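A short worksheet on the structure shown next.
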Amino acid sequence: MKKLLVSTNNHFCCKKYMPFILLKSIFLFFLTISSFCLLKESFGENLLKNGDFETGNTSGWICWETFPWDGDGIPVKHPARVDIHVPGTIGVPTPPAISGLYALTQEVTAEGTARGGIYQELNVNAHSTYVLTGSMAFYGDNIGDITIIGLLDGQWNPVNTSTTPFKFYIGGDTVSSWTKFSLSIIPSKNIITVFTETCQDWGYGYVAGWYDNLSLQFVYENSKPFSSEKTPPEVQK
């Protein structure tokens, strides 16, 4: 009989506190949804111009190459050119573009040493976090073939592309389908440079690098999860 009374009291307690339990569950549910929405909104807009190349050209970007020198400014015996197309001519990855109709192609279709690509300089906030994302594909038939995406902490200088720690690359005698990448940088200056580079360092073969959906975004501080701020702070000129 005593055991039955205990069971009845527990049932009464559950009924008594059931509204509070339901309210707590509902609160936790909406807190989870709100946190997810804040996480989605923790990145700013894409700062790059024509990062998806859907203009069908390289507008917004500046083309560069070291022809007829190598990366150290030394003339090479057999210089070649890096051709930049939207789309390219040395085959295509599968699919030809990650989204839309176009992707950037950087290719060397002649024997020789070649190095070049495109870049954009962007005004940013020093000591803030930015993330560069996108997709790359690659075709190479020699150990000296490579294609790169990277960031420079400061203005454009082709000498610094080989030493910057903020880069992603695919290289060698290999074929790579579309590969996603993500690079983060906290610049010490108010300018950063996004660059691509395709390189053939040996005197023969062919190389091609493909790029699509490039995006550079400001990252909001995770230490302020309930901040109502919708835009990055004004860029210092």
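The values are calculated or read from the model by the stated rules, or taken from the named source; none is laboratory data. None of the values given here were measured: they were computed from a predicted structure. Don't worry about glycine lacking a Cβ; one is built from the backbone with ideal geometry, like all the others, and counts go over all protein chains shown.
Checking the structure you have, find out if any residue of region 58-77 is buried (at least 19 other Cβ atoms within 10 Å of the Cβ), modelled with pLDDT under 95 and among the basic types (Lys, Arg).
Among the residues of region 58-77, not one is buried (at least 19 other Cβ atoms within 10 Å of the Cβ), modelled with pLDDT under 95 and among the basic types (Lys, Arg), which makes the answer no.
Would you mind finding the one in 110, 103, 97 that is in the same structural domain as residue 212 (by TED's automatic domain parsing) and surrounded by 24 or more Cβ atoms within 10 Å (Cβ to Cβ)?
103
Within region 142-192, how many residues are of a type in the set (A, V, I, L, M, F, W, C), under 18 Å from residue 105 (Cβ atoms) and over 16 Å from the mean Cα position of the chain (by Cα)? Walk me through how you get there before you give the answer.
Taking region 142-192 and keeping what is of a type in the set (A, V, I, L, M, F, W, C), we get 143, 146, 148-149, 151-152, 156, 159, 166, 168, 170, 175, 178, 181, 183, 185-186, 191-192.
If we keep only those that are under 18 Å from residue 105 (Cβ atoms) too, we end up with 146, 148-149, 168, 170, 175, 178, 181.
Checking which are over 16 Å from the mean Cα position of the chain (by Cα) leaves us with 146, 175.
Residues in region 142-192 being of a type in the set (A, V, I, L, M, F, W, C), under 18 Å from residue 105 (Cβ atoms) and over 16 Å from the mean Cα position of the chain (by Cα): 2 in total.
Can you report the number of residues in region 147-162 which are surrounded by fewer than 18 Cβ atoms within 10 Å (Cβ to Cβ), in a helix (DSSP H, G or I) and touching a residue at least 24 places away in the same chain (Cβ under 8 Å)?
Matching residues across region 147-162 total 2.
Are any residues in region 116-153 more than 26 Å from residue 95 (Cα to Cα) and either in contact with a helix residue (DSSP H, G or I) (Cβ under 8 Å, 6 or more places away or on another chain) or among the acidic types (Asp, Glu) (or both), and if so, which ones?
121, 152, 153
Evaluate region 111-126: report whether one residue or more is at pLDDT below 95, β-branched (Val, Ile, Thr) and part of a loop (DSSP other than H, G, I, E, B).
Looking for residues that are at pLDDT below 95, β-branched (Val, Ile, Thr) and part of a loop (DSSP other than H, G, I, E, B), one finds none in region 111-126, hence no.
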